[in-house]
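The values are calculated or read from the model by the stated rules, or taken from the named source; none is laboratory data. Note that the structure is predicted; figures quoted are calculated from it, not measured. Here the Cβ positions follow ideal geometry from the backbone for every residue, glycine too, while neighbour counts run over all protein chains shown. What goes into the accessible areas is simple: the full protein's heavy atoms, side chains included, and nothing from ligands, DNA or RNA. Shrake-Rupley method; radii C 1.70, N 1.55, O 1.52, S 1.80 Å.
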Amino acid sequence: MSDLKVMTIFGTRPEAIKMAPLALELSKRPGIDALCCVTAQHREMLDSVLDIFRLKPDYDLNIMEPRQTLSTITSKCLLGMEQVLEEAKPDLVLVHGDTSTTFAGALAAFYHKIPVGHVEAGLRTYDKWSPFPEEMNRKMVGSIADLHFCPTVSNRDNLTRENITNGIFLTGNTVIDALQTTVRKDFSFTERLLDQLEYEKRKVVLVTCHRRENYGQPMEDIMAALAYIARTHPEVSLVYPVHLSPVVQECAHRHLDGVENAHLIPPLNVEEMHNLMARCYMVMTDSGGLQEEAPALGKPVLVLRRETERPEAVKAGTARLAGVDYSRITAMAEELLENPDAYAAMAHAVNPYGDGQACRRIVDAIQWHFGQRKEPPDEFLI
Ligand code: UD1
Ligand code: UDP
C-alpha cells in the first residue's frame, strides 16, 4: 500500500498553533506522507508559530496584505490552492476551524474532489453575524467536510442537529496538545517586561482583543473599560499584546497610551504567551483560543463578546460572558479584582477542551478511515 498523502492547510496564528502539533504527529506516522501548505493570511504572526514549532511548510502562498478584505483573502487563497493541489495531489486535506483560509482551503479541495477533514469541527453560536465571518465559514466547511474532528460532545451534538452524522470523531482540541509542550515552571521570558512583572505582588491582567464583529463601538467600549480598570486599580498590571491589525492597533493605542499600568506590547510568541497566561491573575479576551487555554491553566476568563461558541468553560464556572458594554465589563472585572470569593470560585483548573491526545486521535481516525488501522480511535469524553 502506498503512503497516504495528507496535506494540512492553515494561514493564521491560531490555526498554526492548533495545527502545528498535528502536522508534527502526521510527519512521525509510518504510512503517511505529510505535506503542509500555509496561505500566510497572517505573515509575522504565522511565522512566529512556525519558528517555535520548527515547522517548515512545503507550500507558502504568501497572500497577506495590510487591511485585507474578506474577498481578497478568500479569492487569493482559492487561486493559490488550485496550483498547489494540482501539483501535490493529496489524498486528504485538513483544514482548521473557521477562518477565511479554512473556508477557501476546503472549497479548493472540494473543487478538486479531494476529501476534507475539518479539525475543530462543530462549534456554533447560531448567529450568522457573530462571530463574523467565522460562524458561516465553519458551517460551510461542515457541509463540505468528509471527516469532522470535534473537540467536545456539545460540538458533536451541534453537527448531529444539522444531520451530519457520518465521519465524526470526538478528539478534544489540539490546542491542549500545544499547551502541554509550551508551559514550563522554569520558563524565562525574552520580553523584558514579562521577566520584570511582580506576579505574586501585583494583579497581572492579560488582555487580547481583535474580532471583526467588535470593530467600531464595541471595541471603543472595551478599550475604554480597560483604561478605567487600569486607572482605578493601581495594583493591576494590564498586559496587552496587541494584534497587528491596524484597526486594532489604532483603537488600543488611542485609549491606553499614557495609562501608566497598561502595557501595550507587540504580539508574543506562543511560548511567551502561554507562560504569561500560566502566571497571570486573570484573562480578559475576545479570542477563541484563550477561552480554551486559560481554563486549563486555572485562570478566570472574562469573555469580551456577546456570545460564545465555547460554552464548556462557562458551564464549568471558569469563564463568564462580559459582553461588550462598558459598564458590564468594568463591573465584572471589579468583582474579580475586589472579591476574593468571586475570584476563588472561578480560579480552578478544568480541562473541558482536551487531554493532550487530540492529535494522536485525529491521526488514528484518518488511518482507520483509509484502512491503515483496524481499530477506530478512543473518544475524548469528560
Ligand atoms: C483572522 C481570522 C479570525 C481569527 C484571527 C486570529 C478571518 C476572516 N479572520 O482575523 O477568524 O480569529 O485571524 O488572529 O479569517 N496583520 C499583520 N501581520 C500579521 C497578521 C495580521 O500585519 O502577521 C494585519 C494585516 O494588516 C491584516 C490585518 O492584520 O490585513 C487583519 O488580518 P486578517 O487575517 O484579515 O484578520 P484578523 O482580524 O487577523
Ligand atoms: N497568542 C499568541 N500571542 C499573542 C496573542 C495570542 O501566541 O500575542 C495565541 C494564544 O495563546 C492562542 C492564539 O494565539 O493560542 C489565539 O489567537 P487569536 O486570539 O489571534 O485568534 P482566535 O483564537 O480568536 O481565533
Inset, instruction - Determine if the range 134-157 includes at least one residue that is of a type in the set (Asp, Glu), surrounded by fewer than 19 Cβ atoms within 10 Å (Cβ to Cβ) and either free of Cβ contacts under 8 Å to residues at least 24 places away in the same chain or part of a helix (DSSP H, G or I) (or both). - result: yes
Legend entry - the range 354-369: number of residues that are open to solvent by less than 10 Å² (accessible area, probe 1.4 Å) and part of a loop (DSSP other than H, G, I, E, B): 1
Legend entry - Top-ranked residue of the range 298-327 - restricted to ones that are open to solvent by 10 Å² or more (accessible area, probe 1.4 Å) and polar (S, T, N, Q), ranked as nearest to the chain's Cα centre (by Cα): Thr308
Legend entry - Subset tally (residues that are open to solvent by 10 Å² or more (accessible area, probe 1.4 Å) and either in contact (Cβ under 8 Å) with a residue 12 or more places away in the chain or out of contact with any strand residue (DSSP E or B) (no Cβ under 9 Å at 6 or more places or on another chain) (or both)) for the range 1-17: 7
Inset, instruction - Look through the range 137-177, keep the residues that are of a type in the set (Ser, Thr, Tyr) and closer than 19 Å to Glu312 by Cα, and return whichever of them is farthest from ligand 2 (Cβ to nearest atom). - result: Thr160
Inset, instruction - Please find, within the range 305-360, the residue that is modelled with the lowest pLDDT out of those that are under 20 Å from Asn155 (Cβ atoms), touching a Ser or Thr at 6+ places or on another chain (Cβ under 9 Å) and among the aliphatic types (A, V, I, L, M). - result: Val350
Legend entry - Candidates Ala20, Ala16, Ala104, Ala109, filtered to the one that is of a type in the set (Gly, Ala, Ser) and away from ligand 1 (no atom under 16 Å from the Cβ): Ala109
Legend entry - Unmet requirement for Met282, which otherwise passes all of (1) surrounded by 18 or more Cβ atoms within 10 Å (Cβ to Cβ); (2) within 20 Å of Asp98 (Cβ to Cβ): (2)
Inset, instruction - Select from the range 37-60 the residues that are open to solvent by 40 Å² or more (accessible area, probe 1.4 Å) and either modelled with pLDDT under 95 or assigned to a loop (DSSP other than H, G, I, E, B) (or both) and list them in ascending order. - result: Arg43, Arg54, Lys56, Pro57, Asp58
Legend entry - Residues (part of a loop (DSSP other than H, G, I, E, B) and under 20 Å from the mean Cα position of the chain (by Cα)) located in the range 158-183: Thr171, Gly172, Asn173, Val183
Legend entry - Hey, Leu194 assigned to a helix (DSSP H, G or I), crowded, with 21+ Cβ neighbours inside 10 Å and in contact with a helix residue (DSSP H, G or I) (Cβ under 7 Å, 6 or more places away or on another chain) or not: yes
Legend entry - Residue, surrounded by the fewest Cβ atoms within 10 Å (Cβ to Cβ), within the range 23-36, restricted to residues that are assigned to a helix (DSSP H, G or I) and either charged (D, E, K, R) or within 16 Å of ligand 1 (Cβ to nearest atom) (or both): Lys28
Inset, instruction - Check Leu268, Leu238 and return the single one that is of a type outside the set (Asp, Glu), surrounded by 20 or more Cβ atoms within 10 Å (Cβ to Cβ), within 16 Å of ligand 2 (Cβ to nearest atom) and closer than 18 Å to Arg211 by Cα. - result: Leu268
Inset, instruction - Only residues that are away from ligand 2 (no atom under 15 Å from the Cβ), farther than 19 Å from Glu334 by Cα and of a type in the set (A, V, I, L, M, F, W, C): list them for the range 183-226, please. - result: Leu197
Legend entry - Complete set of residues in the range 71-96 that are within 20 Å of Glu44 (Cα to Cα) and touching a helix residue (DSSP H, G or I) at 6+ places or on another chain (Cβ under 6 Å): Ile73, Thr74, Cys77, His96
